[in-house]
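Quick one: the structure is below, questions incoming.
The values are calculated or read from the model by the stated rules, or taken from the named source; none is laboratory data. Bear in mind that the values here come from a model prediction, so they are computed numbers and not experimental data. All Cβ positions, glycine included, derive from the backbone under ideal geometry; neighbour counts span all protein chains shown. Just so you know, the surface numbers come from the protein's heavy atoms only, side chains and all, with ligands and any DNA or RNA stripped out. Shrake-Rupley method; radii C 1.70, N 1.55, O 1.52, S 1.80 Å.
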Amino acid sequence: MHRNGSYRWIRDEMTLQRAADGNPSAIAGVWIDITAHRTAEEEIYRLAHLDPLTGLPNRRLLNERLSAILSEARRYGSHGAILFIDLDRFKNINDMLGHTAGDAALMEAARRLRMAIRATDTIARIGGDEFVILLAEAGFTLEDAAAHATRVGRKMIDAITGQPIVIGERDYHLGASIGFTLFPKPADTIDTLIREADTAMYQAKAGNGDVVMFLPAMHQSIMVRHTIENEIRAALRNERFEIWLQDQVDNSGMVVGAECLMRLRKGDGRIASPSEFIGIAESSGLIIPLGRWLLREACSILSRISPEQPGCGLSVNISPRQFRDSSFVTDVLSAMDDFGVAPDRLTLEITENLLIKDTLEIGRIMGTLAGRGVRFSVDDFGTGYSSLHYLRHLPIREIKIDRSFVTHLPHDVSSVAIVEAILAMAHRLDLDVVAEGVETAEHVAFLRTRGLTHMQGYFFAKPLAATIWLERLLVEQHSTISRP
């Protein structure tokens, strides 16, 4: 300790001095102040091994510790675990309050996680809102290790969700999705272990559990997703996406429009339906260029149909991610302007769940487009989690009854009650209604007696490639004109 109260690092350099008879007589030396040198070393170590925001180990230090523990586990036959933690709803704080508030939330989450682990375990921040916990000794059997990792994972979730995070004067609630993998296994490497835990975490985020253990089958699933993602990129690049159209008819059976449906023609010529690729396109972000392409193709088709032709309107599904993209409004307006399409001929279908998140911003976007004449429809109505508040406050012109309610008409009492309630409400609010999945004469008869305005389903028409649909429309138009 220095006389001013501060602590200093001192290196002693001493020499033993002896008397003439050879016996030790004194020690002479010098004390060298190396505080600046040690401080610089510590700073270099901190920058290289610790996360600057939270002070937790970073990926480099995690890898060093994992390498050492993995070697010990193989030598002594013990089992460890890697837990991959991703914070849920963190992006909402960043988007609403900015990065300073986001940093405060991350520091608090890191503090809680650090307090909840043993001194022998390691918690690291490896980027963004992602943390990794290294359990050095999870158990002597795989079963014990899995059980211990699961308990620790749930303890981490409780640490994050048990109390709100206070920022300013408001409370914010975070969640956590956790995946883990066990070691050692024969082919384990540092990268494969973290990748396995990451894969299991995405399974947890997809709703497969709060804490999910990695299984080999998950890797195969990831490989399939990677293959499909590459197919989407190649199809966009090589123009292998196609638009198919399914008729929407009125109460009399006359075609009044169609819904645009995407198909992917794979390299082997097989046609893939949206259920095979839309989810992956959404999660990868490819839905944005894909949705932009769909909008332009729909407007291109509309430009080839006479505005006086019955059935001249098209509906296009808009994904939540595409809707929130900063260029969405520009993409819609540019597509219509470039092809000279009247806005009221284009209906944008959105889902209920989109409407419950950031309603003010969603309303602003919808208001801008509705002000230009674009129509909005709520797809899969009745299957979401939102209230009906948005029907009064947003510029919605149409709702589509989900096929799950139509399928069991008219014999299922609950389905009958739901459909009748939807129709009554829509009538009072002056909304158009389209029933999807109409496949039998019984469906048609029931819906007609309830005054339904529009129907869509295999009873009337299966989806057709756009070129075939347009040819049929032109033939019907010519037949109508030629009829005396």
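In the chain, carbon and sulfur make up what percent of the accessible area (probe 1.4 Å)?
Roughly 54 percent, rounded to a whole number.
Fully extended, how many nm does the chain gain between S6 and R18 (0.36 nm per residue separation, minus their Cα-Cα distance)?
Working it through step by step, the gained length comes to 0.8 nm.
Express as a percent, rounded to the nearest 5, the fraction of DSSP beta bridges in the chain (both residues included) that run antiparallel.
Looking only at bridges with both residues in the chain, the antiparallel portion is about 65 percent.
Here's another thing I want to ask about it. Suppose R0 equals 22 Å; then what is the FRET efficiency for E130 and Y76 from their Cβ-Cβ distance, rounded to the nearest 0.05?
0.15
Can you give me the Cα centroid spacing of region 230-297 and region 43-60 in angstrom?
Taking the Cα centre of each part, region 230-297 and region 43-60 sit 46 Å apart.
For S78, enumerate residues with amide H under 5 Å from its amide H, sequence gap 5+ or separate chain, H modeled in the peptide plane.
none
Something else about it: Going by the alpha-carbon gyration tensor, a ≥ b ≥ c the square roots of its eigenvalues, is region 262-406 rounded (a/c under 1.5) or, if a/c is not under 1.5, prolate (a/b greater than b/c) versus oblate?
Because its axes are fairly even, with a/c under 1.5, region 262-406 counts as rounded.
How large is the accessible surface per residue of region 233-382, computed with a 1.4 Å probe and reported in Å² as a whole number?
41 Å²
Which sequence of K400, K266, K462 reflects their accessible areas, 1.4 Å probe, from the largest down?
Accessible-area ranking of K400, K266, K462, largest first: K462, K266, K400.
Moving on to the next point. With every protein chain kept in the model, how would you rank E349, E242 by accessible area, 1.4 Å probe, largest at the top?
Largest accessible area first, the residues go E242, E349.
Same structure again: What pairs from K91/K185; K91/K462; K91/K266; K155/K400; K185/K205; K205/K266 go past 32 Å between their alpha carbons?
Pairs exceeding the cut-off: K91/K185; K91/K462; K91/K266; K155/K400.
Right, something else. What number, rounded to the nearest 500 deg cm²/dmol, is the helix-based mean residue ellipticity at 222 nm of the chain, given -39500 (n - 2.57) per DSSP H run of at least four residues and division by all its residues?
Taken over the chain, the calculation gives -14500 deg cm²/dmol.
Please give the FRET efficiency for H427 paired with R364, using the beta carbon to beta carbon distance and R0 = 41 Å, rounded to the nearest 0.05.
Here the calculated transfer efficiency is 0.90.
Still on this structure, I have one more. Please work out the FRET efficiency for the pair E239 and S275, using the Cβ-Cβ distance as r and a Förster radius of 25 Å; give the result to the nearest 0.05.
With R0 = 25 Å, the Cβ-Cβ based efficiency is 0.70.
Taking the Cα centre of each part, how many Å lie between region 80-140 and region 350-382?
Answer, in whole Å: 35.
Label-point separation (nm) for R89 and A68, each offset 7 Å from Cα along Cα-to-Cβ?
Each label point lies 7 Å from its Cα, and together they span 3.8 nm.
Sticking with this structure for a sec: What accessible area per residue, rounded to a whole number of Å², is obtained for region 1-116 using a probe radius of 1.4 Å?
Each residue of region 1-116 exposes 65 Å² on average to a 1.4 Å probe.
Which angle between 0 and 90 degrees, to the nearest 10, do you get for helix 466-482 versus the longest principal axis of the chain when only C-alpha atoms count?
Here the helix axis deviates by roughly 20 degrees.
Shape call for region 164-213 from the C-alpha gyration tensor, a ≥ b ≥ c root eigenvalues: rounded (a/c under 1.5), prolate (a/b greater than b/c) or oblate?
Prolate shape, in that a/c is at least 1.5 and a/b is the bigger ratio.
Rounded, prolate or oblate for region 1-126? Axes are the square roots of the Cα gyration tensor eigenvalues, ordered a ≥ b ≥ c, and the cut-off for rounded is a/c under 1.5.
Oblate is the answer for region 1-126, as a/c is 1.5 or above yet b/c matches or exceeds a/b.
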